[in-house]
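Structure first, then comments.
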Amino acid sequence: MAELKFIGGYPEYMRQLIEVVNKTRPQRKDYTPKPMSMEEREEVLKLCHPDFAPGGKRQIMFGPNAGDLAPNEVVDLLEAHPLINPDEFVITAPDFSVDLLIIGGGLAGTAAALLANDNGVKAEDILLVNKLRHGDSNSMMAEGGTQAADRENDSPVIHYIDTIGGGHFANKPEVVEALVNDAPFVMEWLCKLGVIFDRNPDGSFVEKAFGGGSRLRMHACRDYTGLEELRVLRDEFRCRNIPCLEFYPAIEFLTDGNRVTGAILYNLETGEYKIVQAKAVILATGGFGRLHIRGFPTTNHYGATADGIVLAYRVGAKLRDTDTVQYHPTGAAYPQQIIGLLLTEKLRGMGAQPLNIDGEAFVYPLEPRDVEAASFIRECYVREKGIVTPTGMRGVWLDIPLIDVRNGPGTIEKSFPGMFRMFKRFDIDIRKDPVLVFPTLHYQNGGVETDPWGRTNVEGLWVAGEVSGGVHGKNRLMGNSTLDCLVFGRRAGISTAQYLKTNPSFGKLTLEHLKKYKKMMEEAGIKTKRKAPILFPDYRGKAVLARKIDIF
Amino acid sequence: MADEKKNIMDEIAEANKSVVTGIDEKDILHWIHISILGKKYRVPAGLTIMQAMEFAGYRFIRSCGCRAGFCGACTTVYRIEGDYRLKTALACQTRAEDGMYLVQIPFTPAQRANYDIEQLSPSIESLLRIYPEILKCLGCNTCTKACPQEIDVMEYIACGKRGDIEKMAEISFDCIQCGLCAIRCPAELAQYNYAQFARRLHGKYQLSIPEHLQKRIEEIRQGKFESELKRLMSAPVEELRKIYTSRVIEKE
Ligand SMILES: Cc1cc2nc3c(=O)[nH]c(=O)nc-3n(C[C@H](O)[C@H](O)[C@H](O)COP(=O)(O)OP(=O)(O)OC[C@H]3O[C@@H](n4cnc5c(N)ncnc54)[C@H](O)[C@@H]3O)c2cc1C
Ligand code: SF4
Ligand code: SF4
Ligand code: FES
């Protein structure tokens, strides 16, 4: 095949298709397709949403959630052997003995450390461990914002209704109550630590609309909300000299048979393990986008591999709402370098339109996320009206230039500096050209069940953030997950601090739970060589792997 | 019908293969050569530096975080064959090009100070007490040229030297703390740590807690919403659904 010729970031044949979009733009300036009826929504969901389309899920066979459905990729990891053999593994004397072990350094884990410290746990009695660097996480990437009902015409009650409606009324009421009530306190806390939220000239917060919300409630820090929140919390964490280990993932819990009493860490560089003994453990390892459920690309960071769910299930923690996964409708589908990365919902909020190959607006731009995503899939794979990329991916156009047509020139650059920068790096000017989008795997809706203080059904184990389940029911609203991490990170910190005041003793360090787990797997008739947690996805070239000799 | 639906998902998985499970050699149309730590590799054209290194057989532990330009883990220094200049980039946000000589900097040993944010003021005195070395800036602009976020780093340092904390916070806001400015600075400064400090001073002392927020906090403390929330928590789903569908949506 001849060398592809690129013009302004796009190959020639896509350029020609862009001409079609340019041609229909003037007619679309004042036209928006009608929202779907409830029946139409259901139809497209059944046909084309990855959660509803047949296949892709199976029942969990054993343990506290036996009988529940979950994505195959998740069940695969629950039905897997530990990385260590419990019959041979030698538990040495602990390398670290701490009051509080926190696993995962995103917003949830970092907030937990600060609040535990505020509530009397000394810095040196805490240990935070992270698989990557402290802060390399999904939290860092949150663009859109954080919800908190703090305006006159808003209230925690309205926030509650929005949240459970979005979650298909499957949310756990007590934790949603905590979420909406704590939100304003979280905002105050962040301001006092020095987080810079967008402000109006009179000093009040700038608050924006978002999908599924009935009030303007989205607090943002430009389009770098998670970055700003987390780098401030991390700076405070460092100022307090709280001990932290990086590139040391937890690969297993230790228990006395029932209660969680510590964890095994793994030094990613040397392969050496370390034993941590702890009186209380907070699990805050985030989500699972890098499992690429149903072969979808993802917005998530490199370490989002469901480690937390695997570890928690092995000690008998109960999960919930494992059957739904959130796909964001607008992931980048071109160029190759950024496939799967997020194009924020705010683009459509300000007028960008999804179009098919004929330059036709085929869907109302602000349907709920699941409906919007399914309609893109239908356009590409049922109606065959998608645009095919040089690598064979299909996508629909997102006509970003329409934002400037509707709101005046300069709007795009001012409102979306991060997005503008990202595409400019690949020679695409989003002020002039549409971009190609396709749904991308975004958020783990379910997870480990907790009470409003982050406590699980397992003694000694608290959970906070994306790894938990219940607060978002079957579907999370934008801006509720950074909030979730902050609210329940803080609560887990407070709760563990209170628990530690009762002077609990260190427990015995054993792998009894793994032996039990192995037995359950055998009884369920599961035969496999799979091992978990996987820690990272593997993107190495196939040709290289085929010739690999394992010496070291 | 059921079969047809399943096919859609399989087709999607097949189409996404190049980013999920890796590209098949036979599907590669164009190749380039890059050099990683001095060793040459042939990789497909059109990948990021990060993806190209993975194709070559690297499995990252370090130098890879968000994969989306937000965390600054993947800082890379490179030179193009035939050109003497050293360039800087984020490996996850930069296309690999033919003739690149690459090395990654997984860690910047830059100095950062500890302080008690409660005991400070947003002033030049605070900045100079915590980071006196900021005055050593030579005004060479190397940092600005190195910044993958196109931040005017030299300018925010200049703001710091003048004590303009607000401006320093504003200019540095998009900083992802990748450390490339610090690595290149002839005065051995750690610009991004000073910027972090300035932003916290600005956020804490130069912005106030909005009144509407304080009011809401007071209302919650007094239990204003408690009974209504408790009622909803045990209300039947039909009632909740009714409330939900009859919401009035506020427009911007
Ligand atoms: C691109 C993107 C945009 C988003 N935008 C928004 C938004 O606008 N608003 C909003 O509210 N939410 C948003 N979200 C969701 C939100 O950012 C996350 O759900 C939330 O921040 C998760 O925080 P966390 O602390 O639970 O997990 P994370 O932030 O992912 O942190 C978990 C940490 O634990 C580490 N870890 C994992 N396994 C182990 C292990 N075995 N041992 C040790 N450490 C481990 C991880 O590497 C990571 O550093 C977005 C998410 C993404 C990906
Ligand atoms: S200012 Fe420095 S640390 Fe921040 S993004 Fe630019 S080069 Fe990286
Ligand atoms: S590189 Fe260093 S010395 Fe040069 S302008 Fe930047 S801060 Fe100043
Ligand atoms: S991996 Fe986070 S910026 Fe590149």
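The values are calculated or read from the model by the stated rules, or taken from the named source; none is laboratory data. Predicted model only: the values in this text are computed from it and were never measured. Heads up, the Cβs are rebuilt from the backbone with ideal geometry, glycines too, and the neighbour counts pull from every protein chain shown. For the accessible areas, the whole protein counts, side chains as well, though only heavy atoms, and no ligand, DNA or RNA atoms are used. Shrake-Rupley method; radii C 1.70, N 1.55, O 1.52, S 1.80 Å.
Please specify each residue of the range A:137-183 satisfying the condition of being assigned to a helix (DSSP H, G or I) and within 16 Å of ligand 4 (Cβ to nearest atom).
The answer is A:SER139, A:MET140, A:MET141.
Please find, within the range B:89-99, the residue that is nearest to ligand 4 (Cβ to nearest atom) out of those that are assigned to a loop (DSSP other than H, G, I, E, B) and within 14 Å of another protein chain (Cβ to nearest Cβ).
Out of the qualifying residues, it is B:THR94.
Hey, could you check the range B:50-93 for residues that are within 16 Å of ligand 1 (Cβ to nearest atom) and small (Gly, Ala, Ser) and say which is surrounded by the most Cβ atoms within 10 Å (Cβ to Cβ)?
B:ALA73
Is there any pair linking a residue in the range A:207-231 that is assigned by TED's automatic domain parsing to the domain that holds A:ASN138 and open to solvent by 10 Å² or more (accessible area, probe 1.4 Å) to one that is within 16 Å of ligand 2 (Cβ to nearest atom) and aromatic (Phe, Trp, Tyr), with Cβ under 7 Å and at least six apart or on different chains, and which?
Hits for this filter: A:ARG222/B:PHE173.
Which of the following residues is assigned to a loop (DSSP other than H, G, I, E, B) and within 16 Å of ligand 3 (Cβ to nearest atom): B:ALA68, B:ALA110, B:ALA73? Even if it seems obvious, please write down each step before you answer.
Numbers: B:ALA68 fails: within 16 Å of ligand 3 (Cβ to nearest atom); B:ALA73 fails: within 16 Å of ligand 3 (Cβ to nearest atom).
Checking each option against the conditions leaves just B:ALA110.
Name the residue that is nearest to ligand 1 (Cβ to nearest atom), counting only residues in the range B:181-211 that are over 20 Å from A:THR225 (Cα atoms), charged (D, E, K, R) and in contact (Cβ under 8 Å) with a residue 12 or more places away in the chain.
Ranking the candidates gives B:ARG184 first.
Any chance you could count how many residues in the range B:125-152 are touching a residue at least 60 places away in the same chain (Cβ under 8 Å) and within 16 Å of ligand 2 (Cβ to nearest atom)?
So in the range B:125-152, the residues touching a residue at least 60 places away in the same chain (Cβ under 8 Å) come out as B:126-127, B:130-131, B:134, B:148.
Now restrict to residues that are within 16 Å of ligand 2 (Cβ to nearest atom): B:131, B:134, B:148.
The number of residues fulfilling the criteria is 3.
Please work out which one of (1) away from ligand 3 (no atom under 16 Å from the Cβ); (2) within 13 Å of chain A (Cβ to nearest Cβ); (3) in contact with a helix residue (DSSP H, G or I) (Cβ under 8 Å, 6 or more places away or on another chain) is the condition B:LEU102 fails and give its number.
Condition (2) is where B:LEU102 drops out.
Which one of B:GLU118, B:GLU133 is outside any loop (DSSP other than H, G, I, E, B) and within 12 Å of ligand 3 (Cβ to nearest atom)?
The unique qualifying residue is B:GLU133.
Scan the range B:153-180 for residues that are more than 6 Å from ligand 2 (Cβ to nearest atom) and either without any contact (Cβ under 8 Å) to a residue 12 or more places away in the chain or not in a loop (DSSP other than H, G, I, E, B) (or both) and report the count. Lay out the reasoning, then the answer.
Filtering the range B:153-180 for residues more than 6 Å from ligand 2 (Cβ to nearest atom) gives B:154-174.
Of the ones still in play, those that are also either without any contact (Cβ under 8 Å) to a residue 12 or more places away in the chain or not in a loop (DSSP other than H, G, I, E, B) (or both) are B:154-162, B:164-171.
Qualifying residue count for the region: 17.
Please work out which residue is nearest to the other protein chains (Cβ to nearest Cβ), limiting yourself to the range B:234-252 and to residues that are acidic (Asp, Glu) and surrounded by 11 or more Cβ atoms within 10 Å (Cβ to Cβ). Lay out the reasoning, then the answer.
We begin by selecting, within the range B:234-252, every residue acidic (Asp, Glu); these are B:238-239, B:250, B:252.
Still in the running and surrounded by 11 or more Cβ atoms within 10 Å (Cβ to Cβ): B:239, B:250.
Values: B:GLU239: 10, B:GLU250: 5 Å.
Checked the range B:234-252; the qualifying residue nearest to the other protein chains (Cβ to nearest Cβ) is B:GLU250.
For the range B:148-170, enumerate the residues that are open to solvent by 10 Å² or more (accessible area, probe 1.4 Å) and away from ligand 3 (no atom under 13 Å from the Cβ).
B:PRO148, B:GLU150, B:ARG162, B:GLY163, B:ASP164, B:GLU166, B:LYS167, B:GLU170, listed by residue number.
Can you pull out the strands (runs of 3 or more DSSP E) entirely within the range A:252-356 that have at least 2 residues that are more than 16 Å from ligand 4 (Cβ to nearest atom) and open to solvent by 10 Å² or more (accessible area, probe 1.4 Å)?
Where strands (runs of 3 or more DSSP E) fall fully within the range A:252-356 and carry at least 2 residues being more than 16 Å from ligand 4 (Cβ to nearest atom) and open to solvent by 10 Å² or more (accessible area, probe 1.4 Å), they are A:273-283.
Of all residues in the range B:43-88, which are touching a residue at least 24 places away in the same chain (Cβ under 8 Å), small (Gly, Ala, Ser) and facing chain A (nearest Cβ under 7 Å)?
B:GLY46, B:ALA68, B:GLY69, B:ALA73
Does the range B:218-233 include one or more residues that are facing another protein chain (nearest Cβ under 7 Å), among the hydrophobic types (A, V, I, L, M, F, W, C) and either within 16 Å of ligand 3 (Cβ to nearest atom) or in contact with a Cys (Cβ under 7 Å, 6 or more places away or on another chain) (or both)?
So far as the range B:218-233 goes, no, none of its residues is facing another protein chain (nearest Cβ under 7 Å), among the hydrophobic types (A, V, I, L, M, F, W, C) and either within 16 Å of ligand 3 (Cβ to nearest atom) or in contact with a Cys (Cβ under 7 Å, 6 or more places away or on another chain) (or both).
Give the range B:22-46 a look and list any residue that's surrounded by 16 or more Cβ atoms within 10 Å (Cβ to Cβ) and more than 25 Å from A:GLY9 (Cβ to Cβ), or say none.
B:SER35, B:ILE36, B:TYR41
Could you tell me which numbered condition A:TYR10 fails, if it satisfies all but one of (1) more than 30 Å from B:MET9 (Cβ to Cβ); (2) modelled with pLDDT of 90 or more?
Failing condition for A:TYR10: (1).
Exactly one condition in (1) part of a loop (DSSP other than H, G, I, E, B); (2) among the β-branched types (Val, Ile, Thr); (3) under 24 Å from B:ILE209 (Cα atoms) is not met by A:VAL121; state its number.
A:VAL121 satisfies all of (1) part of a loop (DSSP other than H, G, I, E, B); (2) among the β-branched types (Val, Ile, Thr); (3) under 24 Å from B:ILE209 (Cα atoms) except (3).
Tell me, please, whether a residue that is under 17 Å from A:ARG234 (Cα atoms) and in a helix (DSSP H, G or I) can be found in the range B:206-218. Write out each step before concluding.
At the first step, the residues of the range B:206-218 found to be under 17 Å from A:ARG234 (Cα atoms) are none.
No, the range B:206-218 has no match at all.
Of the conditions (1) surrounded by fewer than 17 Cβ atoms within 10 Å (Cβ to Cβ); (2) modelled with pLDDT under 95, A:GLY145 satisfies every one except a single condition; which number is it?
For A:GLY145, the failing item is (1).
A:PHE185 is checked against (1) within 7 Å of chain B (Cβ to nearest Cβ); (2) open to solvent by less than 10 Å² (accessible area, probe 1.4 Å) and fails just one. What number does that condition carry?
The failed condition is (2).
Exactly one of these conditions fails for A:PRO390: (1) open to solvent by 40 Å² or more (accessible area, probe 1.4 Å); (2) at positive phi. Give me its number.
It is condition (2) that A:PRO390 fails.
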